[in-house]
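Only one structure is covered here, and it is reproduced in the block below.
The values are calculated or read from the model by the stated rules, or taken from the named source; none is laboratory data. All of these numbers come straight from a predicted model, not from anything done at the bench. Methodologically, a virtual Cβ is constructed for each residue, glycine included, from the backbone with ideal geometry; neighbour enumeration extends over all protein chains shown. Surface accessibility is based on the protein's heavy atoms, side chains included, excluding ligands, DNA and RNA. Shrake-Rupley method; radii C 1.70, N 1.55, O 1.52, S 1.80 Å.
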Amino acid sequence: EANEGGDPQSAPVETDVEGRQISYIESYKIANKHFHVVSNRLGELFVLNSTGALLHKELLPDPIVTMRPGLQQTVALVTAGGLRQLDLRRIHVPTVPVQCEDLPQDMKFYSGVFDAAKNSKGYFITETGDVVTIHVTSNKSQVKCILKTQRQLGMPTHFGSEAIRMGHIKNYLFVSIPEGTAIFNTTGPPRRPPRELLFEDKWSMAKYLGLDLAEDQAGSQGSSGQLGIFGAQNQFVAVSLGKKVLGIYESELPSKPPVSPMSHKMWSQPVMIAVMMVIGFYQFNRMKNGGNGGGGGMGMPPGFG
């Protein structure tokens, strides 16, 4: 790009290009039509069809944090300043804000993700360091939401919105900051907030895997405070460690189960020992008496031996 005088622009162009980087994308299918909803760091919203044609463009008041996935016609967009709704059947109508029940209007979101098993349930980190749970539903005309839980995250959030990443697989919420990753349990009733199970710093994770994180980061300027790519889908979670990627997953491949210790425990129970003693005593008497009046011990006829 160039300015009015024809001279190339330097710093303004770099800032503009960085701001226009894609920050979020989600795909939807409504009435056999595919839509791709895209946003960038500047808060620009784009809606494209399956061929890539631009159907709608809008500058939002705040950049998008996440979107509710699913097959709904009215899409819930979660921006840093709150929720907005996008009607895919009236694609040229601008988005409108959504007032969530019990949610303070001045609450700002740093990051967010929807539940992998229940897409009506979303988890969000606020600029004040809280983790909140919001229930979101939508029909053909509107999006509704209500604040369910709110608690302190227990992790530093001064890094800013771009340094915090969230991912969710069934029953577990992952929150990643430049220093490490925390895992929360999300099971239980709707009013139960996520419960932290553990936090592991990136240095410890790298040490467990035999990686030299300091050596990996030495070649990248300022990388010691940056957060790598973090993703979660189905039963797979990926956390970057320097130049390497740590994968946490539950394999669905067939495998031989471990030998159960139940057989050893069963034979050592007092009841089984008593039964074996009774059987042994019965066999001893049977052999001693000749076995039902027939042959003698060990099947030998009487008079032999």
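Taken as a whole, the condition of being on the phi > 0 side of the Ramachandran plot and free of Cβ contacts under 8 Å to residues at least 60 places away in the same chain applies to residue 70. Cβ-Cβ distances below 7 Å connect the following pairs, each with a first residue in the stretch 10-34 that is acidic (Asp, Glu), a second residue that is modelled with pLDDT of 60 or more and surrounded by 12 or more Cβ atoms within 10 Å (Cβ to Cβ), and a separation of six or more residues or different chains: 26/37; 26/67; 26/69.
The rows are residues; the columns are (1) open to solvent by 90 Å² or more (accessible area, probe 1.4 Å); (2) at pLDDT 60 or above; (3) touching a strand residue (DSSP E or B) at 6+ places or on another chain (Cβ under 7 Å).
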site	(1), (2), (3)
191	yes, yes, yes
213	no, yes, yes
229	yes, no, yes
248	no, yes, yes
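Being of a type in the set (Lys, Arg) and closer than 20 Å to residue 166 by Cα is the requirement here; does residue 108 meet it? Against the criterion (of a type in the set (Lys, Arg) and closer than 20 Å to residue 166 by Cα), residue 108 qualifies. Among the residues of the stretch 40-79, just one is among the basic types (Lys, Arg) and under 24 Å from residue 103 (Cα atoms), namely 68.
In this entry, residue 190 passes the filter for residues that are within 30 Å of residue 87 (Cβ to Cβ) and part of a loop (DSSP other than H, G, I, E, B). Condition (residue is in a strand (DSSP E or B), open to solvent by 40 Å² or more (accessible area, probe 1.4 Å) and among the basic types (Lys, Arg)) applied to the stretch 21-44: is it met by at least one residue? Scanning the stretch 21-44, I find at least one residue that is in a strand (DSSP E or B), open to solvent by 40 Å² or more (accessible area, probe 1.4 Å) and among the basic types (Lys, Arg), so the answer is yes. Look at the stretch 194-212: where a residue is touching a residue at least 12 places away in the same chain (Cβ under 8 Å) and under 26 Å from residue 112 (Cα atoms) and a partner is open to solvent by 70 Å² or more (accessible area, probe 1.4 Å) and not aromatic (Phe, Trp, Tyr), sitting 6+ places away or on another chain with Cβ atoms under 6 Å, you get 201/179. Annotation: of all residues in the stretch 17-58 being closer than 25 Å to residue 165 by Cβ and small (Gly, Ala, Ser), the one that is farthest from the chain's Cα centre (by Cα) is 19. Checking the stretch 56-74 against the condition returns a match, with at least one residue being part of a loop (DSSP other than H, G, I, E, B), at pLDDT 90 or above and either of a type in the set (Ser, Thr, Tyr) or over 19 Å from residue 26 (Cα atoms) (or both). Within the stretch 134-143, identify whether any single residue is open to solvent by less than 30 Å² (accessible area, probe 1.4 Å), within 21 Å of residue 63 (Cβ to Cβ) and under 19 Å from the mean Cα position of the chain (by Cα), and answer yes or no. Within the stretch 134-143, one or more residues are open to solvent by less than 30 Å² (accessible area, probe 1.4 Å), within 21 Å of residue 63 (Cβ to Cβ) and under 19 Å from the mean Cα position of the chain (by Cα). The set of residues in the stretch 148-180 that are within 26 Å of residue 102 (Cβ to Cβ), aliphatic (A, V, I, L, M) and either open to solvent by 20 Å² or more (accessible area, probe 1.4 Å) or not in a strand (DSSP E or B) (or both) comprises 153, 155, 164, 166.
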